[in-house]
Ligand code: CP3
């Protein structure tokens with residue numbers, strides 16, 4: 001008996017039925033029929049959960065990402081509570097960048113803050129390649145989780161080169177990404193050198209997760225929507241494509257997501273995704289026409305709708321499940337992360353509702 005990286009136990013080359021590789025989530029990513037539309041929520045492990053706030057009370061964010069027992073517990077919390085169809089590793093997109101030697105911190109209420117922003121060729125040289133030993137806590141966390149999760153798939157993730165570059169060049173979160181764009185337009189050679197380095201760090205980080213047993217990966221290009229399609233294609237797509245292509249042989253579904261990407265959906269699919277994440281601005285049937293018939297979609301309830309009365313939540317969930325039927329595969333999710341003020345009971349009800357609305361009789 002051997003176990004391949006998709007988590008499918010195989011005997012004599014025959015895939016075993018059941019297991020995460022046969023889960024509703026992985027099936028939907030592969031555009032295969034399943035028992036119901038799978039659902040998980042970006043940022044499902046996090047501040048909306050009282051049990052999360054309690055366990056994180058005295059542990060700084062980056063440190064919590066480096067403690068496998070804590071990562072395991074936090075990752076499992078929303079699976080236990082909501083019955084979601086997938087877990088996502090608890091970590092942050094800047095974790096591999098810190099492992100690559102960049103001095104940064106995650107400041108409560110602000111986000112990632114970089115001590116010395118990256119703006120010159122010498123700064124780019126400070127971003128070191130990483131390997132498994134530099135993020136052994138991630139390898140260990142994934143292995144612990146895969147053992148605990150049984151048939152529930154675990155999603156690994158990383159930040160895409162543009163979004164990571166934005167934090168590094170700006171030195172922290174930015175509304176306009178002005179310094180990032182100034183570097184991109186002003187010194188394309190340096191820009192491409194920076195993104196090429198970040199692509200190697202991201203690819204190495206995702207490979208560690210795949211080798212440790214994740215069933216899918218999501219590449220977050222959260223802020224790519226700040227770019228026009230032409231600039232995205234020229235300055236960003238080749239680097240994200242390098243990451244996604246580098247994972248091709250692993251055989252796990254690749255999800256690619258950003259916010260405000262209505263104009264970029266086709267290009268983000270072309271970057272090498274199996275599933276394109278869609279925010280709440282683009283209905284899923286429209287998104288499917290832009291992305292094409294050979295990719296699944298993920299999304300796209302506005303996270304703020306979860307703060308509205310239940311009747312509103314219910315009608316929006318119904319609309320999204322219906323519009324998702326236009327896609328060859330649909331993973332239900334929010335259009336961006338769960339807001340901290342969300343009532344977790346509402347998330348649990350959404351999971352049950354999506355399952356009920358989409359239940360298909362066994363073949
Ligand atoms: O819910 C929580 O806030 C949990 C803890 C936490 C995370 N990141 C977990 C995380 C905190 C405090 C951060 C800091 C951080 N890093 C922020 C939030 C700043 C704030 O206080 O609101 C941001 C924006 C970052 C940078 C970042 N991290 C981005 C852009 C992304 C991609 C997803 C997105 O929101 O666009 C991440 C990924 C991330 N951070 C995940 C987790 C658990 C993984 C993805 C997921 O769970 O969906």
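No lab work stands behind these numbers, since they all come straight from the coordinates. Bear in mind the structure is a predicted one, so any value in this text is a computation, not a measurement. Cβ atoms come from the backbone with ideal geometry, glycine included; neighbour counts cover every protein chain shown.
Residues 177, 192, arranged from fewest to most other Cβ atoms within 10 angstrom of their Cβ, appear as 192, 177. Of all DSSP bridge pairs formed entirely within the chain, close to 25 percent run antiparallel. The stretch between residue 133 and residue 59, if pulled fully straight at 0.36 nm per residue, gains 24.3 nm over its current Cα-Cα span. On a 0 to 90° scale, report how tilted helix 237-246 is relative to the longest principal axis of the chain, with both axes built from alpha carbons and the result rounded to the nearest 10. That helix lies at roughly 60 degrees to the long axis.
By the count of other C-beta atoms within 10 Å, a proxy for reagent exposure, 23, 141 are ordered fewest to most as 23, 141.
Taking 8 Å as the Cα distance limit and 6 or more residues as the minimum spacing, I'd like the relative contact order of the stretch 178-289 as a percentage. Worked out over the stretch 178-289, it gives 26 percent.
Any idea what the relative contact order of the chain is, in percent, if you count C-alpha pairs under 8 Å spaced at least 6 apart?
21 percent
Kindly state, to the nearest 0.05, the FRET efficiency for residue 151 paired with residue 51, given R0 = 25 Å and r defined as their beta-carbon distance. According to the calculation, E is roughly 0.65. Using only Cα atoms, tell me the angle between helix 136-149 and the longest principal axis of the chain; keep it within 0 to 90° and round to the nearest 10. It works out to around 0 degrees.
Where in the stretch 224-239 does the amide nitrogen come within less than 20 Å of the point 7 Å from the Cα of residue 178, taken along Cα to Cβ? Correct set: 224-228. Considering helices alone, the calculated mean residue ellipticity of the chain at 222 nm is -12500 deg cm²/dmol, with DSSP H runs of length four and up weighted by -39500 (n - 2.57) and normalised per residue. With Cα atoms defining each centre, the stretch 45-108 and the stretch 226-251 are spaced 26 Å apart in the structure. With R₀ set to 25 Å, the beta-carbon distance separating residue 32 from residue 315 gives a calculated FRET efficiency near 0.30.
Stretched out straight at 0.36 nm per residue, the stretch from residue 357 to residue 192 would grow longer than its current Cα-Cα span by 54.8 nm.
With angles folded into 0 to 90 degrees, how steeply does helix 161-170 sit against the dominant principal axis of the chain? Use alpha carbons for both and round to 10. Its long axis makes an angle of about 50 degrees.
Give the shape of the stretch 280-363 as rounded, prolate or oblate, defined through the alpha-carbon gyration tensor: a ≥ b ≥ c are the square roots of its eigenvalues, a/c under 1.5 means rounded, and otherwise the shape is prolate if a/b is larger than b/c and oblate if not. In terms of gyration-tensor shape, oblate. Here the residues 175, 325, ranked from fewest to most Cβ neighbours within 10 Å of their Cβ, fall in the order 175, 325.
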